[in-house]
1. Please specify each residue of region 166-219 satisfying the condition of being among the basic types (Lys, Arg), in contact with a Lys or Arg (Cβ under 9 Å, 6 or more places away or on another chain) and over 30 Å from Pro127 (Cβ atoms).
2. Could you list all residues from region 67-76 that are part of a loop (DSSP other than H, G, I, E, B) and open to solvent by 30 Å² or more (accessible area, probe 1.4 Å)?
3. Quick one: count up the residues across region 201-245 that are within 17 Å of Ser271 (Cβ to Cβ) and loosely packed, with under 13 Cβ neighbours inside 10 Å.
4. Which of the residues spanning region 182-200 are open to solvent by less than 50 Å² (accessible area, probe 1.4 Å) and of a type in the set (S, T, N, Q)?
5. Within region 105-114, how many residues are of a type outside the set (Lys, Arg), surrounded by 14 or more Cβ atoms within 10 Å (Cβ to Cβ) and part of a helix (DSSP H, G or I)?
6. Are any residues in region 238-285 out of contact with any Phe, Trp or Tyr (no Cβ under 7 Å at 6 or more places or on another chain) and hydroxyl-bearing (Ser, Thr, Tyr), and if so, which ones?
7. Identify all residues within region 41-87 that are among the small types (Gly, Ala, Ser), touching an Asp or Glu at 6+ places or on another chain (Cβ under 8 Å) and closer than 17 Å to Leu24 by Cα; write none if there are none.
8. Assuming Gly79 fulfils every condition listed in (1) touching a strand residue (DSSP E or B) at 6+ places or on another chain (Cβ under 7 Å); (2) in a loop (DSSP other than H, G, I, E, B) apart from one, which condition is it?
Amino acid sequence: VRLGRDLSAPAAPIIKASGGLPELLLAHKWEEGMSPVGWWISEKLDGVRAYWDGKSQLVSRLGNVFPAPSWFTTQLPQGVPLDGELWMGRKKFQQCVSVVKSSGPEGEKRWKDVFYQVFDAPSMSEPVEGRFEFIRKHFAKNAPPQVRVVEMSMCTGMDQMSEMLAEVTKHGAEGLMLRKPGSKYQGGRNNTLLKVKTFEDAEAKVLSYEPGKGRHKGRVGALRVQLPNGKEFCVGTGLSDADRDNPPAIGAIINFRYQELTDGGIPRFPSYQGVRDDVAWPPKK
């Protein structure tokens, strides 16, 4: 078993953002019984969160600079910080994570498949409606090929939200996002932003590897991982042949999906989704 991840383009060295760690608005989970009427609803994108500093850098949640090519960043406005997601499409999270770390001539080619999906303007004091209108009008006049504005609409009720959730997840989306009308942009986890999903997901740290059996003999069968609370379990479902040949490194943080927790606090039916380089350990609550 080889440790680490082989990429088709070299990974760029980690560079910290000149402005430090961005204070991004983070979502709480939507709970049953909470009315979505009047809230702004949009698709939850399965990409990598990225903050545009309004100057020259796209920055991760941990304050690391993405090695985006200059032709990519010159499509973004000067003097206007933006919040968004680097995204390649539904069910392409792992591929996107790899691409946005790549540099050099091969890396530049790979960035052509990445879009910056913009959904907020953190420095503006206006409520969410004003911020979104500014973004929409700006990119309507200046429509760069790699930038898209996330569409939001007003939720009319549970029936609409349920239908929209079923439709987007049928096509591979993660779920939905709800934004409270009239809300200001505030860094940190806030109840003005809610995520709506049909599954649970979480992060865990890789401790070791379980050997494969049968057709997986000689490579990784499962990852032994640990939750922030110390609970340990194995994740094998979701690992591709390439993941088993070249698994996430010991100490790496992975994202996994699951159905529910057992009485003992262990995720039931965990499924590997990918490595998370953009979150601290332990993850923020």
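1. Arg219
2. Scanning region 67-76 gives Pro67, Thr74, Gln75.
3. 3
4. Residues satisfying the conditions are Ser183, Asn190, Thr192.
5. Final tally of qualifying residues: 3.
6. Ser240, Thr262 - these are the residues of region 238-285 that are out of contact with any Phe, Trp or Tyr (no Cβ under 7 Å at 6 or more places or on another chain) and hydroxyl-bearing (Ser, Thr, Tyr).
7. Gly47, Ala50, Ser60, Gly84
8. (1)
The values are calculated or read from the model by the stated rules, or taken from the named source; none is laboratory data. Computed from a prediction, not measured in an experiment: that's the story for all the values here. Because the Cβ atoms are built from the backbone with ideal geometry, glycine has one as well, and the counts that use them run over all protein chains shown. Just the protein is used for accessible areas: all its heavy atoms, side chains included, with ligands, DNA and RNA removed. Shrake-Rupley method; radii C 1.70, N 1.55, O 1.52, S 1.80 Å.
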